[in-house]
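First up is the structure itself, then whatever we jot down about it.
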Amino acid sequence: MVLGAGLGVLFAGVLSQYLSQGAGPWLVAPIGASAVLVFGLPSSPLAQPWSVVGGNTLSALVGTAVAFVWNGNNLVLAGALAVALAVAIMLWGRCLHPPGGASALLVVLMGEPSWHLVLFAFFLSSVLLVVGGLIYNNLTGRSYPHHAKLDPSDITPPTPRFTQSDLDAALAHYQELIDVDPADLAQLLQYAESAAQKRISG
């Protein structure tokens with residue numbers, strides 16, 4: 001995790017700097033936060049490729065638009081609006097990514113919005129970070145993008161007593177976003193039921 005995060009940011013930074021030909025910012029702080037998710041929590045829905053690329057890029061676009069409209073006036077209100085709109089567009093685009101909020105806020109606070117910044121510092125760096133995550137995580141035995149894998153041979157009859165609709169209803173009961181893939185949760189519960197069955201049967 002530690003090595004992967006460092007290598008991922010290095011990979012993204014070096015290539016972004018080279019491809020941008022040194023013009024303008026080519027790496028920003030939210031990419032470091034994205035690296036924590038991609039390399040530290042690769043199974044999280046918030047760390048998947050579309051969440052990283054879409055979340056950072058769309059949020060940076062929102063921040064840029066707000067910065068152009070506000071034109072440096074009342075940065076507090078502009079920043080708050082940018083973050084709120086970024087969260088809304090990430091939810092709409094199904095790419096919720098916590099560093100995206102920082103991306104929107106950073107663009108506003110920098111006071112010099114530019115499409116070059118969005119293209120290289122956010123979009124390209126996010127893509128390169130994801131590529132680094134694909135390489136590193138899969139070489140170290142962790143699936144990325146993450147897909148729940150269930151080995152039927154590990155499940156002891158009887159079959160689980162809950163269905164996908166039961167699981168969906170349970171998640172909906174919380175009325176908030178839970179940072180776990182429903183397929184992973186189903187797998188965890190199935191393994192728990194299997195372990196309980198083995199224990200009961202001796």
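Quick notes on this one:
- The ellipsoid that matches the Cα gyration tensor of the stretch 13-71 has semi-axes, each √(5λ) in whole angstrom, of 23, 18, 9, with the longest given first.
- A Cα-only calculation for the stretch 62-116 places Rg and Dmax at 10.4, 31 Å.
- Listed peptides 40-46, 58-64, 110-116 by packing density, highest first (mean Cβ within 10 Å): 58-64, 40-46, 110-116
- Couplings for the stretch 40-56, taken from phi via the Karplus curve 6.51 cos²θ - 1.76 cosθ + 1.60 with θ = phi - 60°, read x, 9, x, 8, 5, x, 6, 10, 6, x, 5, 4, 5, 5, x, x, 5 Hz in order; Gly and Pro are left as x.
- Percentage relative contact order, the stretch 12-147, counting C-alpha pairs under 8 Å, at least six apart: 38 percent
- Gyration tensor verdict on the stretch 21-131 (Cα atoms; rounded if a/c is under 1.5, prolate if a/b is larger than b/c, oblate otherwise): oblate
- Remark: accessible surface ordering of 57, 140 (largest first) is 140, 57, probe radius 1.4 Å.
- With 0.36 nm allotted per residue and the present C-alpha distance subtracted, the residue 76-residue 134 stretch has 17.2 nm of extension available.
The values are calculated or read from the model by the stated rules, or taken from the named source; none is laboratory data. Here the structure is a predicted model, which is why all the values come from computation and not from measurement. Heads up, the Cβs are rebuilt from the backbone with ideal geometry, glycines too, and the neighbour counts pull from every protein chain shown. To get the accessible areas, we keep the full protein, side chains included, count just its heavy atoms, and leave off ligands, DNA and RNA. Shrake-Rupley method; radii C 1.70, N 1.55, O 1.52, S 1.80 Å.
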